[in-house]
Amino acid sequence: MMAQYLALKQQAGDCLLFYRMGDFFELFFDDAKIAAQVLDIALTSRGEHGGAPIPMCGVPVHSAEGYLARLIKAGCRVAIAEQVETPEEAKKRGGSKALVARDIVRFVTAGTLTEEALLEPRRANVLAAVCEVRGAIGIAACDISTGRMELEECAPDEMGAALARLGASEVVAPESWENAPIDCVPRPNRSFGSDEGETRLKAVHGVSTLDGFGQFSRAMLAAAGGLVAYLDHVGRGALPLILPPVAREAGTHMAMDEATRSSLEILVSSGGTRRGSLVEAIDRCVTGAGARLLAEDLSAPLTDTRAINRRLELVSWLHDDPLLRGDIRGILRSLPDVGRALGRVVAGRGSPRDLGQLRDGLSEARRLHDVLRARSDRPGPLDEMLPSLSGHGALCDLYARALVPAPPTERSQGGYIAEGYDAALDELRRVSGNARRAIAALEAKYRDNTGVAALKIRHNGVLGYFIEVPARHADRLMAPESGFTHRQTMAGAVRFNALALHEEASRIAESGGHALAAEEAHFEDLVGHAVRAREAIAATAAALARIDVAAGQAERAAEGGWALPRVVDEPCLEITGGRHPVVEAALAAKGERFVANDCCLHPQDRLWLVGGPNMGGKSTFLRQNALIVLLAQAGGFVPAQAATIGLVDRLFSRVGASDNLARGRSTFMVEMVETAAILSQATERSFVILDEVGRGTSTYDGLSLAWAVAEAIHSINRCRCLFATHYHELSRLAEACDSLSLHHVRAREWKGDLVLLHELAEGPADKSYGLAVARLAGVPAPVIKRAKSVLEKLEKGRAATGGLAAGLDDLPLFAAAIEAAEEKVDALRERLNGLDIDSLSPREALDLLYQLKAQANG
Ligand code: ADP
């Protein structure tokens, strides 16, 4: 057995091997140790291998799904080895000692799940493949639970942001690629060929050219090749649902890197869960598919005014008509997850229940179609979606006739094909029904005949139907002429057979077997219909999700009194009465009120320095404006009284850098790496929020860096920026930077207590209130007192020396300083370039060297 196990384990590679033995999946060696730890189950041992006992653990087959889910969550991948013949077949093949043949039937990995139980209903599950072809990065992404596939190409330095946007649960890349993303699954290089990719896609979709789907670059096709090859590998040759690929055009989405995404807590909060995230505060979708699409919208806000306005038009229409919105949401609420049911059906893992879900979902879509068509004031984008909501009439009729109202998830027991659909099947069922009734009648007859009132006809898997009487009555049935034959003696009962019973039982078995086979054949046929209509069904699912997102956005806006944003091309940002949706909800839960604040950036005033005490609301203000931009460009209403948003091409957020110890970088290093990215990438159309740059290092270092970064953003990047800082000294930047203005969050000291007003006001902050905040936080009074006396000393010193920023008066502006330095270097270089060294005497050369040195010293 170990030889068979080890051979399979070799095929499984670095996946845990689930080795089927009877009713258990067993794991051995290191696999067992990992699984026992992750699943918290007992680690035992068995036999020996190489002189040592073999570690082992196992999980019951009937509850394997739950264990699989936990292993996948913990980052494991699993290979499932099933018995591929029965013990009888094995004996026939190789004698009584023959081992049952086993084979890996499938790999279960985070990116390739389709099981309802293993998927989160409101989150997409994306598998991505990445590779590099001649300096271009190709990315193929597919959510195999719904079959959606997207291809894109980007520059190497944009790969991180693209992968962050996709949020893939599994990434595969060529095994020998040096720049592969960390934690990816290495795959053979040859599967990432563009020709191979093209061939595979053509084969999947049964077409001779991909032109009908769009234009794809070599890098995109290579990535697609890697993706399909991987799916083929994990499914052991059975491919899941893959819809025709869609090319994602570069630049059609707002760029956000990973640090920005996590600091804005878009899909997950800093705690690592959906709780407290933006999506949780926004999501009012009533279907899982809608929630998944909303998450996608928020991950990839648009940069095309027309496309944004199309989304807004639909939201706005639904916002203005609460009754219609209620009707639509009512219909959507009862919808099953059509997209995922289709995914399972096409992957060959569908159940009768999935077919029932397609039937119910598609007919509800039709109902929605009729409701919407009755409205003459439909907005354009909705008009275009309407046809996808209908057109499945024949399929719905077929399924309605063929399936019972609530089909089961299990196929093996039958009973899912409706009566009246197939006369032969009905006849088989009638025969077995009659036989069942006949058996019930037999029971009464045998009781009469024998006079044993406790006589029962029962059924089990081993004996089939049998007659059972209590042991004390057994003699009456044992008599040779009684017509009963003895089968089994139990502790308190004895079991018999009888000819008539045997005949009826055979009738049930035979007709039942035939009925099952007939149902199975119908099932395959019904699946075939769905498979053929897969693209149209997927389009219906997509339209339903889009309508759900729009209705959910409208609902959220109505609930919170949100505003329809105006999206324009000029680089401005005018937000009146803006709020932070997550903080506001958290405050509301405590019965507190959020203070709304305005923000008004435009080319002549594009950098706001925001000062004020800790806990005063600086970070909240910064983030709320970034989130409002994001929500508007994702095509939704915004938490404000009014908002005009100049399109943002890139959004950057650096809020309170946190340690990234996993990558071996200190807080300060992370902060500087991220700041460097902003300085090199932000354009005049970008929007940047920076919170407390330089906090992670000494006061002098920090102030100098914050100063230089603010100057560079102002004079070189020239993007819109909100910059929170507690360095008072930075307010002096306003003297030299024309488009920079000073603001602060207000606070007051009242009877020795600090009152934070959370209200933004113009001008620099007057004090830092650090000690008052510390008191508020519960730092003991003696410590505060001591801090006060230290502070007094320091402030006296500051008054005497002119403070931290003394001597900055004659500091030239950042840009000017750089230019001056460059000029000097250039003058030296020009002089050197103009030299003819061969024509110099040794004495002249020495003189010249002195001169050059003097020039270099300035
Ligand atoms: P800072 O960045 O200035 O230290 P934060 O933005 O982190 O301050 O805000 C601290 C706390 O103050 C928040 O957790 C929130 O409870 C409260 N807060 C912030 N802004 C507001 C506001 N506009 N209205 C009401 N409460 C607010």
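The values are calculated or read from the model by the stated rules, or taken from the named source; none is laboratory data. Just so it is clear, the structure is predicted and the values come from calculations on it, not from any experiment. All Cβ positions, glycine included, derive from the backbone under ideal geometry; neighbour counts span all protein chains shown.
A few comments on the model shown:
- Within region 588-599, being away from the ligand (no atom under 11 Å from the Cβ) and either buried (at least 19 other Cβ atoms within 10 Å of the Cβ) or of a type outside the set (G, A, S) (or both) holds for D598, C599.
- Residue within region 623-638 that is within 11 Å of the ligand (Cβ to nearest atom) and either within 13 Å of E759 (Cα to Cα) or within 29 Å of the chain's Cα centre (by Cα) (or both) present: yes
- Failed item in (1) within 7 Å of the ligand (Cβ to nearest atom); (2) touching a helix residue (DSSP H, G or I) at 6+ places or on another chain (Cβ under 6 Å), with S619 passing the rest: (2)
- Filtered residues of region 429-481 (kept if within 57 Å of the chain's Cα centre (by Cα) and of a type in the set (S, T, Y)): S432, Y465
- Within region 615-633, residues that are in contact (Cβ under 8 Å) with a residue 40 or more places away in the chain sit with their Cβ atoms under 7 Å from residues that are near the ligand (Cβ under 7 Å from one of its atoms) and part of a helix (DSSP H, G or I), at 6+ positions apart or across chains, in these pairs: T620/V583.
- Output for region 160-179, where each listed residue is among the aliphatic types (A, V, I, L, M) and in contact with a Pro (Cβ under 7 Å, 6 or more places away or on another chain): L163, V171, A173
- A search for C-beta distances below 6 Å between a residue of region 234-261 that is small (G, A, S) and any residue that is surrounded by fewer than 23 Cβ atoms within 10 Å (Cβ to Cβ), counting only pairs 6+ apart in sequence or on different chains, returns A238/G348; A247/G214; A255/A161; A255/R650; A259/E674.
- Matching option when the condition is at pLDDT 85 or above and under 18 Å from G616 (Cβ atoms), among L771, L730: L730
- Considering D422, D426, the condition of being crowded, with 18+ Cβ neighbours inside 10 Å and within 50 Å of the chain's Cα centre (by Cα) is satisfied by D422 alone.
- Among the criteria (1) more than 12 Å from the ligand (Cβ to nearest atom); (2) out of contact with any strand residue (DSSP E or B) (no Cβ under 6 Å at 6 or more places or on another chain); (3) over 18 Å from Q604 (Cβ atoms); (4) touching a residue at least 24 places away in the same chain (Cβ under 8 Å), the one C737 does not fulfil is (3).
- Verdict on G577 being of a type outside the set (A, V, I, L, M), touching a helix residue (DSSP H, G or I) at 6+ places or on another chain (Cβ under 8 Å) and within 30 Å of R606 (Cα to Cα): no
- Extreme residue, modelled with the highest pLDDT, among residues of region 651-685 that are within 16 Å of the ligand (Cβ to nearest atom) and among the hydrophobic types (A, V, I, L, M, F, W, C): V655
- Residue check, A259 closer than 19 Å to V629 by Cβ and either aromatic (F, W, Y) or buried (at least 23 other Cβ atoms within 10 Å of the Cβ) (or both): yes
- Taken over region 686-706, the residue count meeting the criterion of being away from the ligand (no atom under 16 Å from the Cβ), surrounded by 18 or more Cβ atoms within 10 Å (Cβ to Cβ) and not in a helix (DSSP H, G or I) is 3.
- Qualifying residue in region 714-729 (condition: within 14 Å of the ligand (Cβ to nearest atom) and free of Cβ contacts under 8 Å to residues at least 24 places away in the same chain): no
- Against the test of being touching a strand residue (DSSP E or B) at 6+ places or on another chain (Cβ under 6 Å) and modelled with pLDDT of 90 or more, the options I41, I72 yield a single qualifying residue, I41.
- Of all residues making up region 777-799, the number that are over 25 Å from E729 (Cα atoms) and surrounded by 13 or more Cβ atoms within 10 Å (Cβ to Cβ): 1
- Against the criterion of being at positive phi, surrounded by 14 or more Cβ atoms within 10 Å (Cβ to Cβ) and part of a strand (DSSP E or B), H758 qualifies.
- Residue list for region 841-855, restricted to those being more than 19 Å from A827 (Cα to Cα) and not small (G, A, S): P842, R843, E844, L846
- Sole exception among (1) out of contact with any Pro (no Cβ under 9 Å at 6 or more places or on another chain); (2) within 16 Å of the ligand (Cβ to nearest atom); (3) of a type outside the set (G, A, S) for V549, by number: (2)
- Only one entry of S376, S351 meets the criterion of being among the hydroxyl-bearing types (S, T, Y) and without any contact (Cβ under 8 Å) to a residue 24 or more places away in the chain, and that entry is S376.
- Only residues that are within 16 Å of the ligand (Cβ to nearest atom) and surrounded by fewer than 23 Cβ atoms within 10 Å (Cβ to Cβ) were counted in region 563-577, giving 2.
- Residues considered: H602, H580. Of these, the only one that is free of Cβ contacts under 8 Å to residues at least 60 places away in the same chain and crowded, with 24+ Cβ neighbours inside 10 Å is H580.
- Any hit, region 170-178, residues being β-branched (V, I, T), at pLDDT 95 or above and under 15 Å from the mean Cα position of the chain (by Cα): yes
- Filtered residues of region 449-473 (kept if of a type in the set (G, A, S) and surrounded by 14 or more Cβ atoms within 10 Å (Cβ to Cβ)): G464
- Checked against (1) surrounded by 15 or more Cβ atoms within 10 Å (Cβ to Cβ); (2) in contact with a helix residue (DSSP H, G or I) (Cβ under 9 Å, 6 or more places away or on another chain); (3) among the basic types (K, R), K33 passes all but a single condition, namely (2).
- Residue in region 474-497 that is without any contact (Cβ under 8 Å) to a residue 40 or more places away in the chain, surrounded by 17 or more Cβ atoms within 10 Å (Cβ to Cβ) and assigned to a helix (DSSP H, G or I) present: yes
- Inclusion of R70 among residues that are of a type outside the set (D, E), surrounded by 12 or more Cβ atoms within 10 Å (Cβ to Cβ) and in contact (Cβ under 8 Å) with a residue 60 or more places away in the chain is not warranted.
- Only a single item in (1) more than 30 Å from W317 (Cβ to Cβ); (2) touching a Phe, Trp or Tyr at 6+ places or on another chain (Cβ under 6 Å) is not met by L398, and it is number (2).
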